[in-house]
Amino acid sequence: RRERALLWCVLVAAWEAAWGQLRYSVPEELPKGSFVGDVAKDLALELPALRHRGVHVFDTGRTQYFFLDLQNGHLSIKERVDREEICAAVPKCVLNFEILVKNPMNLYRGEVEIVDINDNSPSFPVRNSVLEISEYTAPGTRFPLEKAQDPDTGVNSLQNYECSESSYFSLDVKNGDDGVTYPELILVKSLDREQQAAHNLMLTAIDSGNPVRSGSTTIQIIVLDGNDNAPEFTQPVYKVTVREDVAVGSRVLQVTATDRDEGPNAEVKYSFFKIPEKLDKTFKLDPESGEIEITEKLNFEEQELYELDVQARDAGGLSSHSKVLIKVSDVNNHVPEIVIMSVFSPVPEDTPLGTVIAIFNVQDKDSGANGAVRCSIGERLPFRLERSFDNYYRVVTAEELDREEVAEYNVTVRAADGGSPALWSSAVVALRINVTDANDNPPVFVKEIYKVRLLENLPEGSLAFQVKATDADEGTNAEITYSFSDIANGARQLFNLDPRTGEVTVTGPLDYEEGKYYEASVEGKDGGGLSAHAKVHIEILDVNDNAPAL
């Protein structure tokens with residue numbers, strides 16, 4: 001078995017990566033760590049880059065069956081996979097997963113088909129059973145036998161029945177509309193209790209796997225004396241449709257059988273005929289009236305069709321059988337669930353249009369229109385929703401962002417299904433997006449021209465005047481550095497400009513008689529490299545500091 005599993009692993013099915021879709025195929029029961037697929041190769045991802053990027057694998061089910069090895073880029077088995085446990089009788093067993101790659105953000109969807117191996121033998125619920133038949137039963141009468149169960153699928157599942165040889169009975173195998181194989185025993189020769197009171201047969205169920213597996217049960221047939229007529233149902237199949245929210249204790253339908261005999265041989269009792277224990281807990285059959293009642297809450301998402309075998313048996317031991325098919329209709333009883341997978345925040349205000357800022361998934365356990373989900377976000381926001389595949393959505397930028405106008409957004413995602421009335425998601429998910437600043441605003445001086453008048457006896461080190469500029473950006477983009485961009489050489493010796501505060505102090509002696517007027521240009525540059533300029537006109541005022549000379 002291990003060698004076959006390794007061979008399957010080598011012969012993994014071809015992958016498909018269109019639109020971020022991966023497909024692999026592996027047999028069930030592989031040991032932990034077994035190879036599933038080369039994700040790095042199939043997605044053309046470089047291994048060194050893959051190790052430095054944020055990569056997450058999400059299984060859509062409750063159990064994480066796979067993991068991504070960042071050393072080699074292989075998708076491998078994390079937990080042993082039992083196809084019968086996960087998918088039961090579903091013909092094609094598929095496990096879905098998503099791979100989220102960040103920097104840049106991208107989402108890939110994949111599926112792994114779990115291929116069945118013949119690891120289960122057909123089995124009957126009991127090893128021995130008893131069938132009572134009247135000696136007056138006419139040849140050609142059919143007797144349904146207990147079905148065997150095989151959780152495998154395809155050729156590995158139950159394929160046929162065989163019965164030990166008997167001159168009184170033959171075996172007929174029929175395929176029902178539901179695709180299930182049913183064994184029936186046919187009486188080919190009249191019975192005589194006085195000659196032979198019991199018959200023993202061996203019924204064997206066989207699959208077509210490699211190797212072939214089988215299971216057997218012993219059937220003891222007791223020949224009854226007397227009763228000529230078996231009960232007859234009014235219908236070979238009873239069908240009914242009920243809503244999944246039908247109340248426990250409600251009557252579903254009534255089966256009816258009649259018996260042409262008289263007296264005790266015409267008294268009919270009803271019962272379920274060898275149904276699974278789970279169904280026996282879900283429904284109750286009144287043995288006197290034939291009414292079937294619901295004893296356990298139904299759930300369309302767990303099972304939408306029930307097939308019950310009912311038996312009508314008279315006091316003389318004769319019986320007949322009929323089928324009851326109960327179809328469950330879906331009710332809109334599940335609200336959509338929103339699962340946020342990733343949020344990119346903070347967002348630079350110069351982010352290009354169409355940039356993905358969040359990815360989320362919406363699930364609704366209902367089916368049909370009740371499970372069809374519509375998502376929306378509030379109007380007048382610079383964002384829009386894009387549906388990627390299935391129920392995966394992306395929140396992307398739809399307009400240019402301006403931090404100076406709006407620095408923060410609360411984006412509420414709302415999900416509603418298509419039921420009538422529609423159910424809205426009871427959990428509101430808020431996406432908080434902090435818009436980071438981009439240096440898109442240059443400094444602005446308070447004045448375009450600063451006009452200053454200074455006395456010529458102003459001491460050195462005194463504050464002459466101050467220039468001031470503002471910047472609408474924030475952080476380092478709003479930090480302004482001041483400098484003289486154009487100043488006469490003589491004035492450069494007389495004045496000093498503080499680059500941080502914009503204060504201008506006197507650094508040399510002022511003399512009206514040597515210089516009455518100075519001009520300079522001041523530059524204010526922010527941390528992002530944007531700048532602005534202003535003019536400075538300085539007039540020196542005369543003081544009486546010189547005596548008359550003859």
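The values are calculated or read from the model by the stated rules, or taken from the named source; none is laboratory data. None of the values given here were measured: they were computed from a predicted structure. All Cβ positions, even for glycine, are placed from backbone atoms using ideal geometry, and neighbour counts span all protein chains on display. Side chains included, ligands, DNA and RNA excluded: accessible areas come from the protein's heavy atoms. Shrake-Rupley method; radii C 1.70, N 1.55, O 1.52, S 1.80 Å.
Structure notes:
- Once the chain from Ala422 to Val452 is taken as fully extended at 0.36 nm per residue, the excess over their C-alpha distance is 3.5 nm.
- Whole-angstrom gap from region 85-132 to region 136-162, using each part's C-alpha centre: 25
- The convex hull defined by the C-alpha atoms of region 444-541 has an orientation-averaged projected area of 5.7 nm².
- Distance violations [Cα-Cα > 27 Å] among Lys174/Lys278; Lys297/Lys323; Lys281/Lys323; Lys189/Lys284; Lys147/Lys189: Lys189/Lys284
- Amide H contacts of Ala464: Val504, Thr505, Val506, each under 5 Å away and 5 or more positions distant or on a separate chain (H built 1.01 Å from N in the peptide plane; Pro and chain starts excluded).
- For Ala197 and Ser271, a Förster radius of 22 Å and the Cβ-Cβ distance give a FRET efficiency of 0.35, rounded to the nearest 0.05.
- Extension reserve of the Ser190-Lys239 stretch, reckoned as 0.36 nm per residue once the Cα distance is removed: 14.2 nm
- Accessible surface of region 200-246, 1.4 Å probe, proportion on carbon and sulfur as whole %: 46
- Stretch gain in nm, segment Arg387-Asp280, where the contour uses 0.36 nm per residue and the Cα spacing is subtracted: 34.1 nm
- Within straight-line cross-link reach of Lys41, lysines at Cα separation under 25 Å, skipping those fewer than 8 residues along the same chain: Lys32, Lys78, Lys102
- With DNA, RNA and ligands ignored, accessible area of Tyr136 (1.4 Å probe; Å², nearest 10): 120
- Derived scalar couplings ³J(HN,Hα) [region 398-407; Karplus, 6.51 cos²θ - 1.76 cosθ + 1.60; whole Hz; x for Gly, Pro]: 10, 9, 5, 8, 9, 4, 5, 8, 9, 9
- Within the same chain, lysines fewer than 8 places from Lys451 are excluded, and of the rest, those with a Cα less than 29 Å from its Cα are Lys468, Lys516, Lys525, Lys535.
- Per-residue surface analysis assigns Leu318 an accessible area of about 10 Å², computed on protein heavy atoms at 1.4 Å probe radius.
- With helices as the sole contributors, the chain gives -1500 deg cm²/dmol at 222 nm; each DSSP H run of n ≥ 4 counts as -39500 (n - 2.57), and the sum is divided by every residue.
- Accessible surface of Arg414 - all protein chains present, 1.4 Å probe, nearest 10 Å²: 130
- In this structure, the amide hydrogen of Asn160, modeled 1.01 Å from its nitrogen in the peptide plane, lies closer than 5 angstrom to those of Ile206, counting only residues at least 5 positions away or on a different chain.
- Mean separation of Cα pairs under 8 Å and 6 or more residues apart, divided by the residue count, gives the chain a relative contact order of 8 percent.
- Take the Cβ atoms of Glu513 and Thr476, set R0 to 45 Å, and the FRET efficiency comes out at 0.45.
- When the solvent-accessible area of region 444-541 is split by element, carbon and sulfur atoms take up 47 percent of it, the probe being 1.4 Å.
- Value of D in µm² per second that Stokes-Einstein yields for the chain, Kirkwood Rh from Cα pairs, at 4 °C (1.567 mPa s): 40
- Here the simple spin-label model places points 7 Å from the Cα toward Cβ, and for Lys32 and Lys365 these points are separated by 2.9 nm.
- Accessible carbon and sulfur surface of region 102-163 relative to its total accessible area, %, 1.4 Å: 44
- Amide hydrogen proximity for Leu541: with H placed 1.01 Å from N in the peptide plane, the residues at 5 or more positions away or on another chain lying under 5 Å are Leu454, Leu455, Glu456.
- Per residue accessible area in Å² of the chain, where ligands, DNA and RNA are left out and the probe is 1.4 Å: 54
- Tail beyond 23 Å, pair distance distribution of region 128-224 (Cα, percent): 29
- Cβ-Cβ distance of Glu405 and Lys535, R₀ of 41 Å, FRET efficiency by 1/(1 + (r/R0)^6): the value works out to about 0.85.
- Sequentially through region 321-329, phi angles give Karplus couplings (6.51, -1.76, 1.60; θ = phi - 60°) of 9, 8, 10, 10, 10, 10, 9, 9, 9 Hz, Gly and Pro residues having no value and appearing as x.
- Label positions at Ile377 and Val90, each projected 7 Å from the Cα along the C-beta direction, are separated by 3.2 nm.
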